[in-house]
Amino acid sequence: MRRICQIGLLLSVMMLLQQTVWADNVVVFQETFAQTNGSGGCDGQFSGNIAQGNLNYDVEGWNASKCQGAKECLKFGTAGEDGAVTTPTVSFTGTQLAVLTFSAAGWGDANENKLTVSVSGGTISGDKDITLQNAEWNEYKCVISGASSFTITFTGKRGFLDDVVVTHITTVEAPTLTDECTFWPNTTETASKSITVTPSLGTTVRYTTDGSTPTTTNGTEATMTASFSVHATTTVKAIAYVGNVTSDVVSKTYTHGQTVNGVEAFSNDALADGTEVRLYLASTDNARVLHNQEGKVAYLRTNGGTLCLDFGTMATFNPAPAHNQHVAGWIIGRKQYDTDTGMLSLVATANTNTDYLVLAVPVTEPATQPTEVGNNGLSAHVGDWVLVKDVRQDLIVVENVFGCEQATQAYDHALMDVSAIALNGSKLAPVYYNDITPVVYVVDENQEYRYPASPFENVTVRLKRTLSKDYWNTFVVPFAITGWGGHAKIRSYGDYVDGKMHFVPQNNIEACVPYLIKPNETIENPVFTGVTLCNENAHSVGDNTPVSFVGIFSPIKLATDGSQLFLTTSGTLAVPVVGKETLKGMRAYFQLEDGFSLSSLLIDIDGETTDISSIDNGGFTMKNKAGACYDLSGRRVLHPQKGVYIMNGKKIIIH
């Protein structure tokens, strides 16, 4: 059972030797009792009529009393008397240090069976006084020092001995120390670190904390594992020794971590990138969570600037911070400037935890809001939650790095409002908080509108235009609007019959089609959600008639020669004048075909007709005054020369 074969024995011995803390082992003595052929012990019998055989040794020179042979092992002692067995002399040269290993088992009864190990010359420590386990084998170990020639005696009552090995130790293994680390106070108390020094087997340790080198006479002595505390950056040095044999000096440094108060100090160039510190965020720093990404990354705005808490795979918030929460307390991490994002980050290390970081929901403070900035000011707001309005796509980079569901990728030359975390290089990472849509497309009556290359679906659009309730507004947008029929009068160009343009009622507005609209209440800068931006320009209707109704998205300059008219706020038509010919976007104008007579133009809106007698020109009305003569710019002419004029509501040509 215990001894299967000689090979198994040797393997177990070698494994045992490999597990020792000693280095450079040399086996100088080994006894297996393999030639002893009695019964008991290694065959699993531990009581009864056993162990009556003769003793046969691998090594001659043993001296035994009250001992007999068992199955490939030695049985010592009787019920009433101690037995003793002494090894031959073990000798070696060099250091006076050896390790003894052996196996032993107790007799199979309820009595307490003991075994004592002694050595002639030198000293012995370790498993030298043993209470044997009845009917159970165990392995034991002793250290013999102070002699290079000795015998070993095993004395005990009714037990079994096997596998005696002596290994000469030529060097001493150094003691072990707690791994080097950086330590901080938990909150405001003094920081301390418990250091443990563990001697190698059978050795004595001396360690120092003042920088001096330990020797067999210098330093604090420890014969067993010892612990002590350090309260500042400290280098601990230690050696192990037995007699005059000493180990190498082991040296480890424990660093008292630096505490940095506030983000402003954390960002200071004096603190090198990559430095691990403990950052303290006071409640008065007003650190608020602008954005949290899956509990791994949190963007903070504080009085001292912005900061990213980057937990990566090292640690996680527990619980995860939520948008708008206060953050205060202590957190350990490494300073890092992310060259990609331009962010100042505190990156988690093995020392990072959130045990002393407090997350609190604001009670009286207003909710966080984005800082409204122009695209030229983004570099000063890296890491901040910003709202950039009326910015062109080619001036920024919209990247949905946070996977914001409400975010939409920008299209070429789009005019937008973007709510996002500002990153390096004019990059914007959209976020959705406080019901602020991350990306809003803007159609501005005063700016060029560029439609997308393909339909842009499910987007939010803000119109920068006011629709008055007091008059008819010409109106065209690059998306459809439904349900406005109950809130406004909507009229589309129906047909042209016998010199009259007819506008007919509608309930909805088609994309890119021009209309006349008069809302029940004035509408200013309306926002539309879930719409589809068309990939085409504004339409012209009535192109097969002498007068067409032409929609525009971007501002244009109208002709001043009477071929293009616009609708005034008083409901009349006007010919633009030089210097005032710009028509703003999201509107429509009237295009007259060549040779069309102004005197024959009539417009019918809900039965009300506008004709030539009420054509405005640059704010001046041409009244139907007999004999009065006007040029096409609306100026009264007392002495007309060659040209085209309006007289008594009719166009005349003077050659």
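The values are calculated or read from the model by the stated rules, or taken from the named source; none is laboratory data. Just so it is clear, the model here is predicted, and its values are computed rather than measured. Every residue, glycine as well, gets a Cβ built from its backbone with ideal geometry; the counts of neighbours run over all protein chains shown. The accessibility values were calculated without ligands, DNA or RNA, using every heavy atom of the protein model including side chains. Shrake-Rupley method; radii C 1.70, N 1.55, O 1.52, S 1.80 Å.
Search the structure for amide H atoms under 5 Å from the amide H of GLN336, placed 1.01 Å from N in the peptide plane, and list their residues when 5 or more places away or on another chain.
Sorted by chain and number, the residues that satisfy this are GLY274, SER345, VAL347.
Grab the alpha carbons of segment 103-186, take their convex hull, and tell me the volume per residue in Å³. Mind showing how you got there, number by number?
Details: hull volume 14.3 nm³, N = 84.
In segment 103-186, the Cα hull volume divided by residue count equals 170 Å³.
What accessible area, in Å² to the nearest ten, does a 1.4 Å probe give for SER227?
Around 80 Å² of this residue is reachable by solvent.
Kindly write out, for segment 585-590 in residue order, the coupling ³J(HN,Hα) from the Karplus curve 6.51 cos²θ - 1.76 cosθ + 1.60 (θ = phi - 60°), rounded to whole Hz, with x marking Gly and Pro.
Each residue of segment 585-590 in turn: x, 6, 10, 9, 10, 10 Hz.
Just to be sure I understand the model, the point goes 7 Å from the Cα along the line to the Cβ. What's the resulting SER194 to VAL26 distance in nm?
About 4.2 nm, to one decimal.
For the chain, what does -39500 (n - 2.57) per DSSP helix run (n ≥ 4), summed and divided by total residues, give at 222 nm, in deg cm²/dmol to the nearest 500?
Taking each H run of at least 4 residues, the total per residue is -1000 deg cm²/dmol.
Report the extension gain between GLN52 and THR131 in nm, rounded to one decimal, defined as 0.36 nm multiplied by the number of residues separating them, less their alpha carbon distance.
Numbers: separation 79, 0.36 × 79 = 28.44 nm, distance 2.38 nm.
Net length gain for the segment: 26.1 nm.
Going through the cross-link list LYS389/LYS489; LYS389/LYS469; LYS128/LYS252; LYS518/LYS584; LYS141/LYS193, which pairs have a Cα-Cα distance over 25 Å in this structure?
Numbers: LYS389/LYS489 31 Å; LYS389/LYS469 27 Å; LYS128/LYS252 34 Å; LYS518/LYS584 18 Å; LYS141/LYS193 33 Å.
Pairs exceeding 25 Å: LYS389/LYS489; LYS389/LYS469; LYS128/LYS252; LYS141/LYS193.
With +1 on each Lys and Arg Cβ and -1 on each Asp and Glu Cβ, and nothing else charged, work out how big the dipole of the chain is about its Cα centre, in Debye to the nearest 20.
Values: 43 positive and 65 negative charges, 283 e Å.
Charge dipole, the chain, about its Cα centre: 1360 debye, nearest 20.
Check which residues have an amide H placed less than 5 Å from ALA34's amide H, if you skip close sequence neighbours.
Placed amide hydrogens put ASP58 under 5 Å from ALA34.
Across segment 386-398, in residue order, what do the Karplus-derived ³J(HN,Hα) couplings come to in whole Hz, using 6.51 cos²θ - 1.76 cosθ + 1.60 with θ = phi - 60° and x for Gly and Pro?
So the J values, rounded to whole Hz, are 10, 10, 9, 9, 6, 10, 7, 4, 6, 9, 9, 10, 8.
Could you list the residues of segment 388-422 with an amide nitrogen less than 19 Å from a label point located 7 Å from the Cα of ASN525 in the Cα-to-C-beta direction?
Output list for this probe position: 388-393, 415-420.
Starting from 0.36 nm per residue, how many nanometres of slack lie between THR171 and ALA64 once their C-alpha separation is accounted for? Each step should come with its number before you reach the end.
Working: separation 107, 0.36 × 107 = 38.52 nm, distance 3.32 nm.
Once the chain is fully extended between THR171 and ALA64, it gains 35.2 nm.
What do you get for the angle between helix 6-19 and the principal long axis of the chain? Use alpha-carbon atoms, 0 to 90 degrees, nearest ten.
60
Leaving ligands, DNA and RNA out of it, work out the accessible area of GLU524 with a 1.4 Å probe and give it in Å² to the nearest 10.
Estimated to the nearest 10 Å², GLU524 gives 130 Å².
Which aspartates and glutamates, if any, have their Cα less than 13 Å from the Cα of LYS237, not counting same-chain residues under 8 positions apart?
The reachable aspartates and glutamates, counting only those whose Cα sits under 13 Å from LYS237, are ASP179, GLU180, ASP210, GLU221, ASP248.
Rounded to the nearest 20 Debye, what is the dipole magnitude of segment 381-490 about its Cα centre when Lys and Arg each give +1 and Asp and Glu each give -1 at the C-beta? Before the final figure, lay out the partial values.
Numbers: 9 positive and 13 negative charges, 64 e Å.
The calculated dipole for segment 381-490 is roughly 300 debye.
So, counting K/R as plus one and D/E as minus one, what does the shell of residues with Cβ under 11 Å around GLN30 add up to?
Values: positive: none; negative: GLU31, ASP58, ASP163.
Net of charged neighbours comes to -3.
With charges set only on the Cβ (+1 for Lys and Arg, -1 for Asp and Glu), what does the dipole of segment 463-541 come to about its Cα centre, in debye to the nearest 20?
Values: 7 positive and 7 negative charges, 35 e Å.
That gives segment 463-541 a dipole magnitude of about 160 debye.
Roughly what would the spin-label model give for THR213 and THR609, points 7 Å off Cα along C-beta, in nm?
11.9
Straight-line reach only, C-alpha to C-alpha below 19 angstrom: list the aspartates and glutamates that LYS500 could link to, leaving out same-chain residues fewer than 8 apart.
List returned: ASP543, GLU593, ASP594, ASP604, ASP606, GLU608, ASP611, ASP616.
Whole-Hz ³J(HN,Hα) for each residue in segment 416-429, computed from phi via Karplus 6.51 cos²θ - 1.76 cosθ + 1.60 with θ = phi - 60°, x for glycine and proline: what do you get?
Residue by residue, segment 416-429 yields 9, 10, 10, 9, 7, 7, 7, 10, 5, x, 6, 8, 10, 9 Hz.
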